Each structure stands twice: as structure tokens, then as C-alpha cells.
Amino acid sequence: MHALLLMASLAQAAEMQFEYPSNLEGNAQPGLFLTPPRAVELLDLSCTQGEQVFHWEKANLPKGVVQKFHWARDPSSPSAECLIQARYADDTAEGLVLNLDFTYGAALSVDLDRASVDLAAHTLTVRTTAAVDRAEIAAFGAGRALLEERSVELSAGPGDVTVPWAGDPSEVVLLEIKLWAGSSWAGFTFSPWFLDIPHADVHFETDSDVVPADEAYKLERTLKELHDVVAKYGDLVPVKLYIAGCTDTVGDAAHNDDLSRRRARSIASWLRSHGYDQPIFYHGFGERLLAVPTGDGVDELANRRALYLVSSNPPPAGSGIPSVGWTAL
């Protein structure tokens, strides 16, 4: 994400108009932009910054067309002096001396690939390329209703920067965040939204991943719930379904991992084939997410289940779901 280039517009001196970029963020070069009030026969420009002198000559310049001049970036020199001499086509001439002052802002960008949400702490952590001193946060709920706007002072980065949420966490669907590093800023959106869809679990036959015909009505009810979620939130954030397959403790743990994965995939495939067209991801957790803690080898129906988790991002910290590599259907 590119930082904004702030242009300092100066008052018209004599007749030649000019402006220059006062805040040189990222790799922006210093420069001077001249707009002749009339046709120019010959323009001579000389700019001195630090120990370096930069010189240009241009002939036959049209009226009103911006002429841009850039020179090498030198953060050790915060100012430059430019001498402008112009001879116009109507035989008039003018000369100007301009003193330009620069600031060198840090380029700021945000790496959302490493973003993480802490539901309990109501914070979002992102990685930045520069120190951040302030965050502006707007929180939106369903229907893009604005819940709250706030500005918070920060002193973090470069690296991990933790930003508090705005709004009631139970209602927040989307956060719009602008991080500031001096006069440089980077803006982004992120959804901490997360729903655990209530449902009746499909009971599979022993060691089978085929959805029984007499259990399909449960998925039909879940499908309606999912369509309602998409209708309520789909115009604000991407709605992604994460299906977590689970087993009891009977049998080999590795086999249960595979069985739960296949059952989660079967549920995902059923929903897709019956009209659910949003992104679906699945994973098999085997015995690792027991609803009822038991010892090994215990046949517990409540543990033979699947979780239907709806979010714009993989289930976050605090959701009770470990961070895993979800498989897209």
C-alpha cells in the first residue's frame, strides 16, 4: 500500500506557478513542478540540495502545461534552493529563487497475511513496516450500520502492532482501520466476525463417511441457517464456512483423524450439491475437540459431531478451534 504524497501548494510568485512534494515518503524523490503562465522560449532551472547541484534547460514550453523536475533523494538534507530563470516568447523574462523544505516520512504498509485476532482481548494484531503512533478505527455491524468510531494513540512497530477494537465485539462484523506513522498512513479492513452455527449433528454409520438418507433433514435445516447468514452479512464481508469434523475416542487416533476429515468433507459436499455457493473449508480434528471429555476407547455420541463455523477468516484465537491448514472444497 502506497503512502500518500502530500503536495505543498505555494503562493504564486511573480507569474510562474509552482508546487513541490513537501513530505517525501517511501522512495519519493524531491522535485519542483512549474506551470508557465505563457509560452516559454527558454527555461533554466538550477537546484542545490546539500553538496549537489542539479541543472535543467528546456526550450519552447507551452502555456499552462506542468513541467516536472526531480532529483536524487538525500534524507540528510531537509532543504533545497532553486533558481528559476524564464524567457517568455513575448520577450518578457523573470527570475525566481525558491527555498524548499522537505520531511522524509517512513513508508508504511501493513502485512495482513500475518493478521491475528484475539477474541477474548478484543484486539487485532498486524505487522507493519514502520513505527505506528496512531490508529483510527471504525466498527460496522450487520447492514453496514456504524457502531463506533475512535482514534487511539499507539507506540508500536515496526513489526507487530496490536490495535484495540471499536464497538461491541458481539456486534462487530467489519473494522475499517487507518494506521498513522507521522504523516504517512495505511488503511485496510478486517473482519473479526465469527459465528458458530447451531445445528443437529449428522449421525453416520460406524466407520462410514456417507450421509445417511434419514439424516439429510438435519443438513437441510443447517442449509437454511447458512442462507440466512449470507443474506444478513454477505453484502458487507465474504462469508466462509469452516466445517470441523470430530470423533469419539474409540479406535486409533490417526484413523479417527482421517474419518473425521472424510465426514467433514461429505457434509461440505452435501451442502455444495444442495445450493450453498459460498466458500467452504473443512478439517478433521479426530479426538482433539471432545464435547464430553472421556478416557480412551469410550463410545460417546456427543463427541461424534461436526462444528459449522462461519467467518471471513479462519477461526481466530479464542474461538476454541486450533489454528490448522484448512482444505478448500
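The values are calculated or read from the model by the stated rules, or taken from the named source; none is laboratory data. Computed from a predicted structure; not experimentally measured. All Cβ positions, glycine included, derive from the backbone under ideal geometry; neighbour counts span all protein chains shown.
Screening the candidates Ala89, Ala72, Ala115, Ala131 for the property of being surrounded by fewer than 14 Cβ atoms within 10 Å (Cβ to Cβ) and either hydrophobic (A, V, I, L, M, F, W, C) or not assigned by TED's automatic domain parsing to the domain that holds Ser312 (or both) yields one hit, Ala72. Listed by first and then second residue, the pairs with beta-carbon distance under 9 Å, at least 6 apart or on different chains, first residue in region 281-296 and loosely packed, with under 15 Cβ neighbours inside 10 Å, second assigned to a loop (DSSP other than H, G, I, E, B), are Val292/Asp248; Val292/Val298; Val292/Glu300; Gly295/Thr249; Asp296/Thr249; Asp296/Val250; Asp296/Glu287. Screening Ser155 against (1) within 30 Å of His255 (Cα to Cα); (2) assigned to a strand (DSSP E or B); (3) not hydrophobic (A, V, I, L, M, F, W, C) leaves a single unmet condition, (1).
Of all the listed residues (Leu179, Leu175, Leu124, Leu108), the sole one being touching a residue at least 24 places away in the same chain (Cβ under 8 Å), buried (at least 21 other Cβ atoms within 10 Å of the Cβ) and part of a loop (DSSP other than H, G, I, E, B) is Leu108.
Report the residue count in region 213-244 for those that are surrounded by 12 or more Cβ atoms within 10 Å (Cβ to Cβ), within 24 Å of Gly284 (Cβ to Cβ) and among the hydrophobic types (A, V, I, L, M, F, W, C). Qualifying residue count, region 213-244: 9.
Just one residue in the set Ala264, Ala302, Ala291, Ala268 is in a helix (DSSP H, G or I), at pLDDT below 95 and farther than 15 Å from Phe194 by Cα; that residue is Ala302.
Taken over region 170-193, the criterion of being more than 18 Å from Ala231 (Cβ to Cβ) and hydrophobic (A, V, I, L, M, F, W, C) is satisfied by Val172, Leu175, Ile177, Leu179, Trp180, Ala181, Trp185, Ala186, Phe188, Phe190. Evaluate the following for Val161: is it buried (at least 19 other Cβ atoms within 10 Å of the Cβ) and either at pLDDT 90 or above or part of a loop (DSSP other than H, G, I, E, B) (or both)? Yes: the conditions hold for Val161.
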